[in-house]
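All remarks here apply to the structure that follows.
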Amino acid sequence: MNVLFLLGSLRDGSTNRSLAEAAAAHLPEGTTATWFNRGADLPHYSEDLDIEGSVPQVATELREAVEAADALVVVTPEYNGTLSSVVKNTIDWASRPREAASIHGTRAIVLAASGAPYGAEWARKDAVRSLQIAGADVVEETFGVGSSFEAFADGRLVDSDADAALQALIARLGAPVAA
């Protein structure tokens, strides 16, 4: 199984990056974790680029990475009460062209870390909705880490119950979404 991580934080010391790494550590043996780290390089989505056949190379690489993935792990910070623009734009690029979107039917889960106590709850909800509309097969259960600056040590979540919940959600990447 190939799991593609889409990270919505551009900061090197991001707790969302720590959360993504903690999630990757829970992937089953034999699973390949791949990362699309070029969200900042994607121009804002414009349908004109698809119509004119002028899709930027980075967008083509994203679409190919999503097409090659068996599942997606979308990790987003919360900015101004919603998902990061990097994640939203990445989903927009992967959702087009609509009739042949690479994201269509791809299993996805959403994770988020925030310095605030609510674990980026609004960002997670908005990311799920955006992925669903884009056509992904989204697990509606999400995982959030609040007060995230104290939540990680040695690449893992400090709270063993939270780490177990993350591991359980990661395990759902291989199971079909309940209708």
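How do the pairs read when you match residues in the stretch 98-121 that are more than 16 Å from residue 165 (Cβ to Cβ) and of a type outside the set (S, T, N, Q) with residues anywhere that are at pLDDT below 95 and open to solvent by 10 Å² or more (accessible area, probe 1.4 Å), using Cβ under 6 Å and keeping only pairs 6 or more apart or on different chains? Here the result reads 115/149; 117/146; 117/147, each pair linking the stretch 98-121 to a residue that is at pLDDT below 95 and open to solvent by 10 Å² or more (accessible area, probe 1.4 Å). Picking from residues in the stretch 31-52 that are free of Cβ contacts under 8 Å to residues at least 40 places away in the same chain and part of a helix (DSSP H, G or I), the one that is least open to solvent (accessible area, probe 1.4 Å) is 49.
Considering (1) touching a strand residue (DSSP E or B) at 6+ places or on another chain (Cβ under 9 Å); (2) open to solvent by 10 Å² or more (accessible area, probe 1.4 Å), the lone condition that residue 127 does not fulfil carries the number (2). Listed by first and then second residue, the pairs with beta-carbon distance under 9 Å, at least 6 apart or on different chains, first residue in the stretch 1-20 and in contact (Cβ under 8 Å) with a residue 40 or more places away in the chain and surrounded by 22 or more Cβ atoms within 10 Å (Cβ to Cβ), second among the β-branched types (Val, Ile, Thr) and in a loop (DSSP other than H, G, I, E, B), are 3/31; 4/106; 6/76; 7/76; 8/76; 9/76; 16/76. Pairs are defined by a Cβ separation below 8 Å, a sequence spacing of at least 6 or placement on different chains, a first member in the stretch 132-161 that is under 14 Å from residue 19 (Cα atoms), and a second member that is in a loop (DSSP other than H, G, I, E, B) and among the β-branched types (Val, Ile, Thr); the pairs so defined are 150/158; 151/158; 152/158. The single residue among 151, 164, 120 that is within 23 Å of residue 44 (Cβ to Cβ) and either open to solvent by less than 20 Å² (accessible area, probe 1.4 Å) or at pLDDT 90 or above (or both) turns out to be 120.
The values are calculated or read from the model by the stated rules, or taken from the named source; none is laboratory data. Note that the structure is a prediction, hence the values are computed from the model and not measured. Backbone-built Cβ (ideal geometry, glycine too); neighbour counts: all protein chains shown. Ligands, DNA and RNA are excluded from the accessible area calculation, which covers all protein heavy atoms including side chains. Shrake-Rupley method; radii C 1.70, N 1.55, O 1.52, S 1.80 Å.
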